[in-house]
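Below is one structure, written out as structure tokens; the observations come after it.
The values are calculated or read from the model by the stated rules, or taken from the named source; none is laboratory data. Here the structure is a predicted model, which means the values were calculated and not measured. In this analysis, Cβ positions are derived from the backbone assuming ideal geometry, glycine residues included, and neighbour counts consider all displayed protein chains.
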Amino acid sequence: MSPETTATLYSVFLIFCRVGACLMILPGYSSVRIPTQVRLFIAVAIVLAIAPRLMPDIRPLVATAGDSLRMQLLVTELLNGALIGLLGRTFLVALQFAGSFMANAIGMSNALGVPMHDQDSVPELVTLVTMTATVLIFTLNLHAEVIRALVASYGPMPLDLGFGAREGLVQFTDNLDETFLLCLRIASPFVVYAVIVNFAIGLMNKMTPQIPIYFISMPFVVAGGLVLLGYSIGDFLTIFINGFRVWVFNG
């Protein structure tokens, strides 16, 4: 194999390292419900689609690099891709946290459903909100915008710059702060609902200790929580998608 062919193939493989590591963690693409072979073929197809645009900048660096530098580039590209995917995954983790709190607030934490991205069982409400958010990401074409953002990431994160651990940690902590504040806004009606309902149940239990108020009140707590969910689910999914869109276009 000629040196030119080796440099070309290794350049494509470096692009695959960043894209594959990102898709391995990114919401939607990383779901365990998607077979591994399908995810691999998706990553290869994306790499072949974007490689012609990136090759003029990557191939000269790879052609003049030695074996040690090529191995260093491979590791740093894996880390860069994983960082980008992790920044997107924090949105889903924060949404799962908000969904778990909402399920506890309305008394549905014991109704377990099938998880979207993990193997462990989660409340059905968490499955509902995460599945709906993932469908909205693909419906609104944000998954394609993520691929465009991956191509644009070679500007602020070029191949020869390596992996900036300090900058990556700052980006991750800032993104984690923003996503959990976003999902606190989403779950805020259920915080108020949980406080009011538990205070009312506790007060009634003190007034009539001989009656099992907790068991009597549970159907009403669940019914009220479902009514609140029906009124608020559209708004909080809109807030979540807007926050994810801002990250895709500006992050």
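Would you call Ala94 surrounded by fewer than 21 Cβ atoms within 10 Å (Cβ to Cβ), within 29 Å of the chain's Cα centre (by Cα), modelled with pLDDT of 80 or more and not aromatic (Phe, Trp, Tyr)? Criteria not met by Ala94. When the criteria are applied in full, Gly224 fails the requirement of being under 30 Å from Arg89 (Cβ atoms) and either at pLDDT 75 or above or aliphatic (A, V, I, L, M) (or both). On the basis of being over 22 Å from the mean Cα position of the chain (by Cα) and part of a helix (DSSP H, G or I), does Ile50 make the cut? So Ile50 passes the test. Only one entry in Met71, Met102 is in a helix (DSSP H, G or I) and either crowded, with 20+ Cβ neighbours inside 10 Å or of a type in the set (Asp, Glu) (or both), namely Met102. Residues that are among the hydroxyl-bearing types (Ser, Thr, Tyr) and touching a residue at least 40 places away in the same chain (Cβ under 8 Å) within segment 1-60 comprise Thr8, Tyr10, Ser11, Tyr29, Ser30, Ser31, listed in sequence order.
Being surrounded by fewer than 15 Cβ atoms within 10 Å (Cβ to Cβ) and either in contact with a Gly (Cβ under 7 Å, 6 or more places away or on another chain) or modelled with pLDDT under 85 (or both) narrows it down to one residue among Glu145, Glu167; which is it? On inspection, the qualifying residue turns out to be Glu167. Taken together, the criteria place Gly202 among residues that are of a type in the set (Gly, Ala, Ser) and part of a helix (DSSP H, G or I).
Of all residues in segment 21-48, those satisfying the criterion of being of a type in the set (S, T, N, Q) and loosely packed, with under 14 Cβ neighbours inside 10 Å are Thr36, Gln37. For segment 74-93, what are the residues that are out of contact with any Cys (no Cβ under 8 Å at 6 or more places or on another chain) and either farther than 23 Å from Ala144 by Cα or not in a helix (DSSP H, G or I) (or both)? Scanning segment 74-93 gives Val75, Thr76. In this structure, Leu78 qualifies as over 18 Å from Thr6 (Cα atoms) and modelled with pLDDT of 85 or more. Scanning for something of a type in the set (Ser, Thr, Tyr) and modelled with pLDDT under 80, does segment 118-134 turn up at least one residue? So far as segment 118-134 goes, yes, one or more of its residues are of a type in the set (Ser, Thr, Tyr) and modelled with pLDDT under 80. Considering Leu73, Leu86, the condition of being modelled with pLDDT of 85 or more and either at negative phi or not hydrophobic (A, V, I, L, M, F, W, C) (or both) is satisfied by Leu86 alone.
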